[in-house]
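Nothing in this text is a laboratory measurement; each read-out follows from the coordinates by a stated rule. Computed from a prediction, not measured in an experiment: that's the story for all the values here. Cβ placement follows ideal geometry from the backbone for every residue including glycine, while neighbour counts extend to all protein chains displayed.
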Amino acid sequence: MNILSLLSLFKKENKSLNLPNSLAIKKLKSVASTNNLLLYENITLYHHTQSFFVPLLLLDPLRGIYLVEHKEWTYDELKKANIQKATNQISSEETLAFERAHDFLKKKFNELTHSDGVPIYNYLLMENLNSDEYKHLDISFAELLPHKKIFFSNSSQNEIKEKLENASAPSASFPTVENIIGNILIQYCIIDNHNDLHLATKEQMDFIDSKISGHCVLSALSGSGKTSCILLHAILEKLKNQKTKIIIVEPTTLSCDILKKKLLDIIEHAIIELDITSIEILTPIELLNMHLAKLGKETLRDKISVDALLMNKKFNIADIIICDDSDFMPLDFLSYVKHIQKKSNLLLVTNTNSNEETYLFSKTFRNKNENVFFHKTNPHAKAMHIISNLLKKNEAKEILVVSNSLSKEKLKDDLESFIRDKAVLLDSSQNLIDQDLNHLLLATYMDINGINAKFVILLDVCFAPRKELKYAFNLCEEAVYVLYEDECEQLNKLRNNFEDNKN
């Protein structure tokens, strides 16, 4: 008689195979959708240097995690077989065996949350076996693969729901959904500026999981999570293949440093072994200088300039280049990047919608409908008044003032005697280590890439570059104040765009 071990029964699936969109799986997905269960399909869990593939994972916020193994065996394949537990098989009481999954998840929870997390239950989805056929299998199946843990081809949605809910009684003492999924599926965990965890949206997950092929465009506003998703995509590509060469280009030295810090924060939270230097983060000038140095040409210092020679030479520097905030990069530099990535992959990240986007983040997580204030006044005096009021209940580091260079200098001089807190002149050409961002920040419209603030005050609006003004307007987390003396076309467009978005 054919004997199968339970260990071989549950051996790891081929990661390249996706689950079929069969009737049984559709029913399971429908149960998840109608009962507020989170469902993740064909996912890999990562921890240190280990990875673990799971065909289907469901989270019931009141009961725990369900791991669902999918099998296509037919009755004819199983009717003459019996099964036995393999020696030293890892399994859990009254559950199906899922090789090392429980220990893997508990170890990850313990290191991240110092607890065992939530209960974990195993189920089997038998695609081509019905409940009547199961009754005629060898008794060993009933002992090791209990009926209550199997979804059959003829299981109804109500039956599936009952089997899931019978795993345990509901509990209100579990961690939040964000803390459960955010700690085990690190590729879908977005850490905000306050170190709070958020789950990636469907749009974000599709981008993170995607394979950038050829030249692509991601369109996403500030506050849409684009920066975190770029890093999560890069991390996932490296976890899949350590040899993949990835470069992320940021407009300024400061935005590069901020992104490097965010990358380090994500890796530390995830507890994965990944060399932070294996994902290079460069300014446009640094990328151009690498090419110029290879050709023995004189390198650039401050100004971006694309030598005609570079447009005629190959430069196979990366498998993937991602240009974040590409709206702020010169057109000749973008043409250069497209040239050197002609046979490789390139992603341009833009803050404006277009017909060219391959990926779109349509949702922003910042409140833009209420706390926007337009003041026709003496901008300088009003800015001082607003800053003074905000400092009564908020920290200085939560305030960003954006203006031209002259206004920035004048405000700094006046604030030195007007407020107790220090005001810092932001310089995007300097490294993060040379600047203390834990103070009230005074910046020009050219310096704000990678910066976020709870409150943003905008001056010199009529003379600000249009793209930079729109970018600055979307930086705030809570409120933005637009201060002006005279009406102008640019101001009216800003106000009209705000009203359109509000409606």
In whole µm²/s, the translational diffusion coefficient that Stokes-Einstein assigns to the range 124-164, given a Kirkwood hydrodynamic radius over C-alpha pairs, 20 °C and 1.002 mPa s, equals 207
Going through K202/K382; K376/K397; K79/K211; K261/K363; K245/K470 one by one, the pairs whose alpha carbons sit over 31 Å apart turn out to be K202/K382; K79/K211; K245/K470
Fewest-first ordering of V424, V54 by Cβ atoms within 10 Å yields V424, V54
Links exceeding 23 Å between C-alpha atoms in this model, out of K80/K163; K107/K161; K392/K454; K240/K294, come to K80/K163; K107/K161; K240/K294
Of the candidate values [x] 25.3; [y] 28.6; [z] 37.5, the one computed for mean projected area of the Cα convex hull in nm² from this structure is [y]
Rounded to the nearest 10 degrees, the helix 101-113 long axis (Cα) sits at an angle to the longest Cα principal axis of the chain of 30
Computed over the chain: longest principal axis from alpha-carbon atoms vs helix 284-294 long axis, angle to nearest 10 degrees, is 80
The answer for the net charge of residues other than V424 whose Cβ lies under 12 angstrom from its Cβ, with Lys and Arg +1 and Asp and Glu -1, is -2
Taking Cα atoms, the helix 23-34 axis meets the longest principal axis of the chain at an angle in degrees (rounded to 10) of 50
Result for the chain, cysteines with no Cys Cβ partner under 4.7 Å, is C189, C216, C229, C256, C323, C476
Relative contact order of the chain (C-alpha contacts under 8 Å, at least 6 apart) in percent is 12
